[in-house]
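Asks: Quick one: the structure is below, and I'll ask about it shortly.
No lab work stands behind these numbers, since they all come straight from the coordinates. In this text, all values refer to a predicted model and were calculated from it rather than measured experimentally. Here the Cβ is made from the backbone with ideal geometry for all residues, glycine too, and neighbour counts use every protein chain on show.
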Amino acid sequence: MPELPEVERVRRRLAPAMAKARFERVRLNRADLRRPFPTGFARRLRGQTVTALTRRCKYLLGHLSSGDTLVMHLGMSGSFRVEPTADARARRDPDAALEYRHDHVVFEMSSGQTVTFNDPRRFGVMDLVRAERAGAERQRPSALHQLGPEPLSKAFDAISLAERLAGRRVPLKVALLDQRVVAGLGNIYASEALHLARLSPQRRASTLTTASGGPRPGVVRLAAAIKSVLTRAIRLKSTDDYSSSGRFRVYDRESDRCPTPGCKGTIRRVWQAGRSTFYCPDCQR
DNA sequence: ATTGAGACCTGTCGGC
DNA sequence: TGCCGACAGGTCTCAA
């Protein structure tokens, strides 16, 4: 479901229920999501306090008093519900309603709130990683450790983006979906950012850099567009899902008139790396 | 090392 | 109405 802006909004919604609160009860309704839950998942969480709830890329990170980190990823269809524990318990067993059928993880927090993870497609992930020992991450680098820069941080700019695009022969859109290039873009905001920067999604990534890997003008626009698109999405959204937000420039707008001022183009849809890309062939070069 | 294709799942929507 | 295929916001693994 979510790209960086949606995950960030989920984080802000969960923080009041989870941050500074203790896990009083943890219930798993099945043994796995995309991967099995780590052994002792519930036991290791119980009694721990969440010192802070942060986000890295599309991952939510619950930092625990034990030093361990609760890692949560929403995959395509994951979502969290927050409700008073009394309400959650009252509804428990009798209600096998469709709405709750995919409730896989239930956290009862000392804040009096229950946080429930629901994920129909089960592409989500929950993991509990132990406090890092020196060098541990080099021995077994996980996806988390290979992530590129946070696009809204100062570390992300035209220079760093150019460095990571240099020499890559894949189409620009495909490169933007690679979380090692920039951490948190997904299929929607990759298309959105490219449209705002007026860059063709089909252009080779390496054409945005000079022979030595430096930035060309396009990459300056692209870095700025990525920041702009994500910042606006975080700010504008009234809920965590797309339906109510609706206002995309090109995504899911095939055949619409291009929104670029002065452009008479029509939005097209093409396939790249198995995903649909939306763009305007007239103003995106 | 990089890249593309397929796999993992369920739900929904449009067409017949 | 019901069935069927296409498609969905994300990774991950495997083979070329």
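Asks: Which net charge results for the neighbourhood of A:Asp32, defined as the other residues with beta-carbon distances under 12 angstrom from its beta-carbon, given Lys and Arg at +1 and Asp and Glu at -1?
Replies: +2
Asks: Lysines within cross-link reach of A:Lys58: Cα-Cα under 21 Å, excluding same-chain residues under 8 positions apart?
Replies: The qualifying lysines are A:Lys154, A:Lys173, A:Lys227, A:Lys237.
Asks: Roughly how tilted is helix A:187-196, in degrees to the nearest 10 and between 0 and 90, from the longest Cα axis of chain A?
Replies: 30
Asks: Chain A: longest stretch without exposed GluC sites (Glu not before Pro) (DSSP loop, at most 16 other Cβ within 10 Å), sites themselves excluded?
Replies: A:1-131
Asks: Let me ask something else about it. Kindly provide log₁₀ I(q)/I(0) values, in the same order as q = 0.07, 0.14, 0.16 Å⁻¹, from the Debye equation applied to equal alpha-carbon scatterers of chain A.
Replies: -0.30, -1.04, -1.23
Asks: Relative contact order of chain A, please, whole-number percent, based on alpha carbon pairs below 8 angstrom and at least 6 residues apart.
Replies: Value for chain A: 17 percent.
Asks: Using the 4.7 Å Cβ rule, please list in number order the cysteines from chain A without any candidate partner.
Replies: A:Cys57
Asks: For the stretch A:27-111, what is the relative contact order in percent, using Cα pairs closer than 8 Å and at least 6 residues apart in sequence?
Replies: The normalised contact order for the stretch A:27-111 reaches 27 percent.
Asks: Oh, and also: As a footprinting exposure proxy, order A:Phe41, A:Phe23 by other Cβ within 10 Å, with the fewest listed first.
Replies: Details: A:Phe41 18, A:Phe23 22.
The fewest-first ordering by Cβ neighbours comes to A:Phe41, A:Phe23.
Asks: Further question: 222 nm [θ] for chain A, helices only, -39500 (n - 2.57) per DSSP H run of 4+, per residue, to 500? Numbers along the way, then the final one.
Replies: Values: 8 runs with 75 residues, N = 285.
Rounded to the nearest 500, the figure is -7500 deg cm²/dmol.
Asks: I've got another one for you. With a 10 Å Cβ neighbour count serving as the proxy for reagent exposure, in which order, fewest first, do A:Asp68, A:Asp32 appear?
Replies: Going from least to most buried by this count: A:Asp32, A:Asp68.
Asks: Let me ask you something else. Going by the alpha-carbon gyration tensor, a ≥ b ≥ c the square roots of its eigenvalues, is the stretch A:142-285 rounded (a/c under 1.5) or, if a/c is not under 1.5, prolate (a/b greater than b/c) versus oblate?
Replies: In terms of gyration-tensor shape, oblate.
Asks: I've got another one for you. Please arrange A:Thr39, A:Thr114, A:Thr69, A:Thr231 by counting, for each residue, the other beta carbons lying within 10 Å of its beta carbon, fewest first.
Replies: Result, fewest neighbours first: A:Thr39, A:Thr231, A:Thr69, A:Thr114.
Asks: Below 8 Å between Cα atoms, with a sequence gap of 6+, how large is the relative contact order for the stretch A:158-251 in percent?
Replies: Answer for the stretch A:158-251 is 34 percent.
Asks: So, one more: Which of the trypsin sites (Lys or Arg not before Pro) found in the stretch A:158-213 are loop residues per DSSP with 14 or fewer other Cβ atoms within 10 Å of their Cβ? Working shown, then result.
Replies: Numbers: sites: A:Arg164, A:Arg168, A:Arg169, A:Lys173, A:Arg180, A:Arg198, A:Arg203, A:Arg204; in loops: A:Arg168, A:Arg169, A:Arg180, A:Arg198, A:Arg203.
In loop regions of the stretch A:158-213 (DSSP not H, G, I, E or B), the sparsely surrounded trypsin sites (Lys or Arg not before Pro) are A:Arg169, A:Arg180.
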